[in-house]
Each structure stands twice: as structure tokens, then as C-alpha cells.
Amino acid sequence: MTIESHPLGPFLPANGRILFLGSFPPPKARWSMDFFYPNWINDFWRIQGIIHFDDKAYFEIKGEKRFDRERIIDFANEQGLAFYDTATKVKRLKDNASDNFLEILEPTNIGELLAKMPHCNRIVTTGGKASEELRMQLSAALEIAEDAHISEKDLTPAIGSCTKVRAYGREIEWWRMPSSSRAYPLALTKKAEFYKRLF
């Protein structure tokens with residue numbers, strides 16, 4: 001078991017309009033670049049390639065098993081896509097990238113991230129553990145009438161859909177997407193169909 005602090009700072013473009021939240025990066029030995037969703041066998045950037053360029057290999061460096069970090073950063077800045085994770089410090093119970101073996105020791109303060117992005121009204125979670133952590137933070141930050149009640153069931157969106165709430169001083173859409181990990185049993189094209197709803 002190892003304790004790790006997040007190796008990357010939040011990527012928050014000035015025009016950030018969508019905040020993608022995973023749980024925590026995989027062990028660095030599995031990275032193909034120094035950016036979010038760095039694992040070569042994670043399909044997040046292939047999903048974006050399909051949606052925006054009709055080319056799952058658009059963000060890959062041809063002939064190499066790594067993603068093109070500069071092309072990805074240019075794309076994220078242009079689209080207003082922000083990235084971070086719901087944990088800043090974790091205990092990794094096994095030496096792999098699975099959420100099942102991550103214990104969050106220090107959650108990310110989502111409100112602080114949003115405070116740096118005045119144009120962001122859409123949060124996207126890309127896995128189960130990220131969704132669990134965001135649900136807890138949103139539950140504590142909800143701005144609702146005293147006689148109103150939102151249950152956890154009402155708050156948590158089904159996979160591929162969104163819940164609209166008021167929290168952190170703004171209206172927020174929380175979109176819950178299927179994991180882009182290949183461990184999640186859904187075809188790449190089907191995942192892309194879900195993610196396309198965000199754009």
C-alpha cells in the first residue's frame with residue numbers, strides 16, 4: 001500500500017465551461033504523457049477524437065504508444081475543457097489504476113475549482129468513485145428551500161444523463177458518464193455516443 005499526492009495541478013482554462021473529474025491518476029509507470037487520462041489503454045482521448053474529429057486516433061502520436069499532449073492541451077483550451085480529479089491524496093491498496101483499490105485520504109475541494117471558473121456550469125464525472133465523491137460534496141453545497149428535499153437517489157444521475165442543481169452560487173449540470181477505462185464493459189463507439197451528449 002502506498003500513499004500518493006496528486007502529481008498534476010488542476011487544468012482550468014480561463015474560458016473553462018466543462019469540468020471533467022476522474023478519481024485519481026494511475027501509477028506513473030502507466031502514463032503515456034504528463035496530462036489527464038494519460039494511460040495508453042484508457043480511451044478518453046479516443047472518445048474525444050471520435051466525437052470531434054471522427055477519428056479515434058486523432059490524439060495519438062502515429063507509430064508510438066502515447067498521446068500528443070500539446071495537441072490535447074490546444075484542444076482543451078479551445079473547447080474550454082477543464083480537468084482535475086476528486087482526490088488530491090489517496091492510499092493505493094494495489095499497484096493498479098482501479099478505483100476499487102483507491103482509498104481517498106484527501107478529497108479535492110470542488111467549490112474552490114469552480115471559483116476559478118466563472119463560466120463553468122457543467123461538471124462531468126468519468127467513473128464510479130469520482131461520482132461518489134462529487135455526490136457527497138454536492139449534497140453539502142446544495143442551495144435549496146428549507147422545505148425542499150433532494151434525496152441521494154434524485155441527486156445522482158443515471159449513467160449518460162444529468163442532474164440539475166443549484167450549488168456553489170450557480171446552476172450546475174452534473175453529468176455522469178461511463179468510465180473511459182477499458183475495464184468498463186461497453187464498446188468504444190457506445191461510450192462516444194454517451195459523451196457526445198456533452199457537446
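The values are calculated or read from the model by the stated rules, or taken from the named source; none is laboratory data. Note that the structure is a prediction, hence the values are computed from the model and not measured. FYI the Cβ positions are ideal-geometry reconstructions off the backbone, even for glycines, and counts take in every protein chain you see. SASA here: full protein model, heavy atoms, side chains in, ligands and nucleic acids out. Shrake-Rupley method; radii C 1.70, N 1.55, O 1.52, S 1.80 Å.
Annotations
- Once the Cα atoms are used to define both axes, helix 44-53 deviates from the longest principal axis of the chain by about 90 degrees.
- Accessible surface, the chain, averaged per residue in Å² (probe 1.4 Å): 51 Å²
- Label-point separation in nm, LYS190 to GLN79, each point 7 Å along Cα→Cβ: 2.2 nm
- A cut-off of 5 Å between modelled amide H atoms, ignoring neighbours fewer than 5 places along the same chain, links PHE35 with no other residue.
- In the chain, the longest principal axis of the Cα atoms and the axis of helix 128-141 are about 30 degrees apart.
- Angle between the chain longest axis and helix 69-79 axis [Cα atoms, degrees, rounded to 10]: 40 degrees
- Net charge dipole size for the chain [Lys, Arg +1 and Asp, Glu -1 on Cβ; Debye, nearest 20]: 520 debye
- Farthest towards the positive end of the charge dipole of the chain, among the residues ALA187, SER131, THR163, is the Cα of ALA187, using unit charges on the Cβ of Lys, Arg, Asp and Glu.
- Listed pairs LYS28/LYS129; LYS65/LYS116; LYS91/LYS191; LYS91/LYS196; LYS28/LYS196; LYS116/LYS196 exceeding 31 Å between Cα atoms: LYS65/LYS116; LYS91/LYS196
- Nonlocal amide H pairs with GLY160, under 5 Å, H built at 1.01 Å: ARG176, MET177
- The spacing between segment 3-72 and segment 80-137, judged by their C-alpha centroids, is 15 Å.
- Carbon/sulfur fraction of accessible area - segment 19-75, other protein chains in place, 1.4 Å, %: 46 percent
- For segment 34-43, 3J(HN,Hα) per residue [Karplus equation, 6.51 cos²θ - 1.76 cosθ + 1.60, θ = phi - 60°, Hz, x = Gly/Pro]: 9, 6, 6, 6, x, 5, 4, 9, 8, 9
- For segment 83-136, the relative contact order is 34 percent, taking Cα pairs closer than 8 Å that sit 6 or more residues apart in sequence and dividing their mean separation by the residue count.
- Along the chain, longest interval not containing exposed GluC sites (Glu not before Pro), exposed being DSSP loop plus at most 14 other Cβ atoms within 10 Å: 65-142
- DSSP beta bridges in the chain [antiparallel fraction, %, rounded to 5]: 60 percent
- For the chain, the relative contact order comes to 26 percent (Cα pairs under 8 Å, sequence separation of at least 6).
- Computed over the chain, the P(r) curve from all C-alpha pair distances, binned at 5 Å from the origin, holds 1, 7, 16, 20, 21, 17, 11, 4, 1, 1, 0, 0 percent per bin.
- Across segment 158-172, computed HN-Hα scalar couplings (Karplus, 6.51 cos²θ - 1.76 cosθ + 1.60, θ = phi - 60°) run 5, 4, x, 10, 9, 10, 9, 9, 10, 7, 6, x, 7, 7, 10 Hz from first to last residue, x flagging Gly and Pro.
- Sparsely packed loop sites in segment 36-73 (the trypsin sites (Lys or Arg not before Pro) outside DSSP H, G, I, E and B with at most 11 other Cβ atoms within 10 Å) comprise LYS62, LYS65.
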